Amino acid sequence: MADRHVDHLLIGGGIAAASAAAALRELSAGGSVLLVGRELDAPYHRPPATKGYLQGRLSKPEALVHPEGWWAEHDVELLTRTSVTALDPAARTATLSTKETVTFDTALVATGAMVRRLTLPGTELDGLHYVRALMNVDLLKRDLAAAEAEHVVLVGGSYLGCEVAASLTVLGLRCTVLMMEEEPMERGFGPAVGRHVRSVLEAHGVTVRGGVDVAGFAGGERIERVLLAGGEELEADAVVAGVGATPDVMLARRAGLTLGDLGGVACDAGLRTSAEGVWAAGDMCEYHSVLHGRAVRIEHEDVAARQGAHAARAMLGADVPYTEVPYFWTDLADWMSLEHLGAARDWVREEREGGPGIGPFAVRYLDRDGRLVAALSVDGGGDLEAARAELAARAGAAR
Ligand SMILES: Cc1cc2nc3c(=O)[nH]c(=O)nc-3n(C[C@H](O)[C@H](O)[C@H](O)COP(=O)(O)OP(=O)(O)OC[C@H]3O[C@@H](n4cnc5c(N)ncnc54)[C@H](O)[C@@H]3O)c2cc1C
């Protein structure tokens, strides 16, 4: 016998589940909603972790998705510090880490992603950090202060490493970004934009080194040196690694939900999983995208929020494909901002409007047939809304 029943169960305490809660309440005043999240805090926005929160410009309450009183005001039950340890989709039952069992009519699995960890010699030493949660930032800042750190090495040249380098530079630390690719962010935005990102970072004193293979770390109890393949050693007081994330499908796998080739939970175009009554949203949702014409899994905050809201509508009976154009933004301190729309990997040609150089510019990414597949706005350049309409029109045509 289950301990209790809820109409809608939201599993995971991130932006996807929090947005689903808000959409459920916007669309329907009735029906019980329970959100179960593993973290200590109520759902919060992760992007500030490497930006305003790290720089000390934004507090934890300011980073919350919904203000503290929202949950009670909207009659959504929030259980933090609690995991769903088992999910039985056939019986529509979830077991919580409190040992409580809950039956549900519909469920959303939004368990997000976990940082990818380096597997290199010396990773057991103190002074190696990863940033996923605000708590990681608290630990990083305490450690940097305690070690009287002056020089931090960032492993990884994607947006995360670049953002942390910019924020720590603002805080007065010296930063070096190391990456295998030649230019920062080039995997997402291409080498020309990558060279521009490098020039902005370097202009503010960040050392950027591409084509570098980190072989390990050395020191006493904590990291003192970063070892590069080829024998070079770099002194470092601390290291922050930003080498990607992997979808957290542990619960979904145990529950027997079908997984996709990209490592996420396989969903149809409407974000429905292989189990009746169970949807997925956010970083671990691998859905058949009408827009892309293939399965995709996207790790962007705006996508997780929109998917959570879309899944909520589906949990209330709507049956429409998810066709939103993916949107991503990043800020390097107040040095530069980037906004990106569309599918990052599919372009063969770039068309630039202005720059890269001083001032705003934009890039249109085209496929082999000359169709727009993605658009980038740097420092507000170009017309992203026109690009969004152009990209969305394709989804409309494909439906
Ligand atoms: C440092 C950082 C900076 C970022 N910056 C940007 C940015 O500038 N722009 C942008 O577009 N995107 C950014 N992103 C990406 C964006 O934050 C993510 O795409 C988004 O947070 C995904 O939300 P989610 O709800 O899917 O997953 P998560 O935010 O990962 O939330 C999932 C939650 O579920 C919990 N959970 C897992 N399993 C269980 C279980 N069994 N029971 C209960 N709870 C469980 C997890 O502990 C976690 O709290 C950033 C990400 C990080 C880490």
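Rule-based calculations on the coordinates, nothing more; no lab input. Since the model is a prediction, treat every value here as computed from it, not as a measurement. Using ideal geometry, Cβ is built from the backbone for each residue, glycine included, and neighbour counts are taken over all protein chains shown.
Can you compute the FRET efficiency between Thr119 and Arg388 using 1/(1 + (r/R0)^6), with r the Cβ-Cβ distance and R0 = 41 Å? Round to the nearest 0.05.
Numbers: r = 39 Å, r/R0 = 0.96.
Efficiency for this residue pair is about 0.55.
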Students often check this: by mean Cβ neighbours within 10 Å, which of 4-16, 39-51 ranks highest, and how do the rest follow? 4-16, 39-51
Using square roots of five times the C-alpha gyration tensor eigenvalues, list the equivalent-ellipsoid semi-axes of region 117-243 in whole Å, biggest first. 22, 17, 13
Tell me the net charge near Arg225. Cut-off is 13 Å between Cβ atoms, Arg225 excluded, with +1 for each Lys or Arg and -1 for each Asp or Glu. -4
Cross-link partners among lysines for Lys141, C-alpha distance below 21 Å, same-chain residues fewer than 8 apart left out? Lys51, Lys60
Which residue fluctuates the most in the chain, going by a Gaussian network model with Cα springs under 10 Å, if the choices are Ala203, Ala146, Ala94? Ala146
Hey, what does the equivalent ellipsoid look like for the chain, semi-axes from the Cα gyration tensor as sqrt of 5 times each eigenvalue, largest first, whole Å? 36, 27, 19
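Let me check I've understood the local charge: for Thr85, count other residues with C-beta under 11 angstrom from its C-beta, Lys and Arg +1, Asp and Glu -1. What total comes out?
Every neighbour counted, the sum reads +2.
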Choose one of Ala309, Val6, Met336: the residue whose Cα lies farthest towards the positive end of the charge dipole of the chain (beta-carbon charges +1 Lys, Arg; -1 Asp, Glu; about the Cα centre). Val6
Between Gly161, Gly210, Ala229, whose Cα lies farthest towards the positive end of the dipole of region 117-243 when Lys and Arg beta carbons carry +1 and Asp and Glu beta carbons carry -1, centred on the Cα centre? Gly161
Mind jotting down the distance between the C-alpha centroids of region 378-394 and region 301-356, whole Å? 11
Using only the Cα atoms of region 272-399, each taken as one equal point scatterer with no solvent, compute I(q) by the Debye sum, divide by I(0), and report log10 of the ratio at q = 0.11 Å⁻¹. -0.43
Please identify the GluC sites (Glu not before Pro) of region 116-215 that satisfy two criteria: DSSP loop assignment and at most 13 other Cβ atoms within 10 Å. Which are they? Glu124, Glu148, Glu150
Roughly how big is the chain's charge dipole about its Cα centre, with Cβ charges of +1 (Lys, Arg) and -1 (Asp, Glu), in debye to the nearest 20? 660
What FRET efficiency would be calculated for the residue pair Glu353, Glu235, taking the C-beta separation as r and a Förster radius of 51 Å, to the nearest 0.05? 0.75
The size of the Cβ-based charge dipole (Lys, Arg +1; Asp, Glu -1) of region 1-154 about the Cα centre, to the nearest 20 debye, is 340
Go ahead and set up a Gaussian network model of the chain, Cα springs under 10 Å, then flag whichever of Ala386, Ala20, Ala343 fluctuates most. Ala386
Under 12 Å from a label point 7 Å along Cα→Cβ of Leu58: give me every residue in region 322-349 with its amide N that close. 329-333
Quote the FRET efficiency, to the nearest 0.05, computed for Leu171 versus Asp88 with a Förster distance R0 of 45 Å and r equal to the Cβ-Cβ distance. 0.40
For Val6, the net charge from surrounding residues (Cβ-Cβ under 13 Å; K, R +1; D, E -1) works out to -4
Computed helical MRE - 222 nm, the chain, DSSP H runs ≥ 4 contributing -39500 (n - 2.57), nearest 500: -7500 deg cm²/dmol
Between region 1-28 and region 199-267, the alpha-carbon center distance in angstrom: 33
Once Rh is set to the Kirkwood radius over Cα pairs, what Stokes-Einstein translational diffusion coefficient, in µm²/s, holds for region 327-398 at a temperature of 10 °C and a viscosity of 1.306 mPa s? 127
Within region 225-264, find all residues whose amide N lies under 15 Å from a label point positioned 7 Å from the Cα of Ser97 along Cα-to-beta-carbon. 250-251
Table column - 3J(HN,Hα) (Hz), region 220-234, Karplus curve with 6.51, -1.76, 1.60, x for Gly and Pro: x, 7, 10, 4, 10, 9, 9, 9, 9, 4, x, x, 5, 10, 10
For region 217-285, the Cα-Cα pair-distance distribution in 5 Å bins from 0, as whole percents, is 3, 14, 19, 12, 7, 5, 8, 11, 10, 8, 2, 0
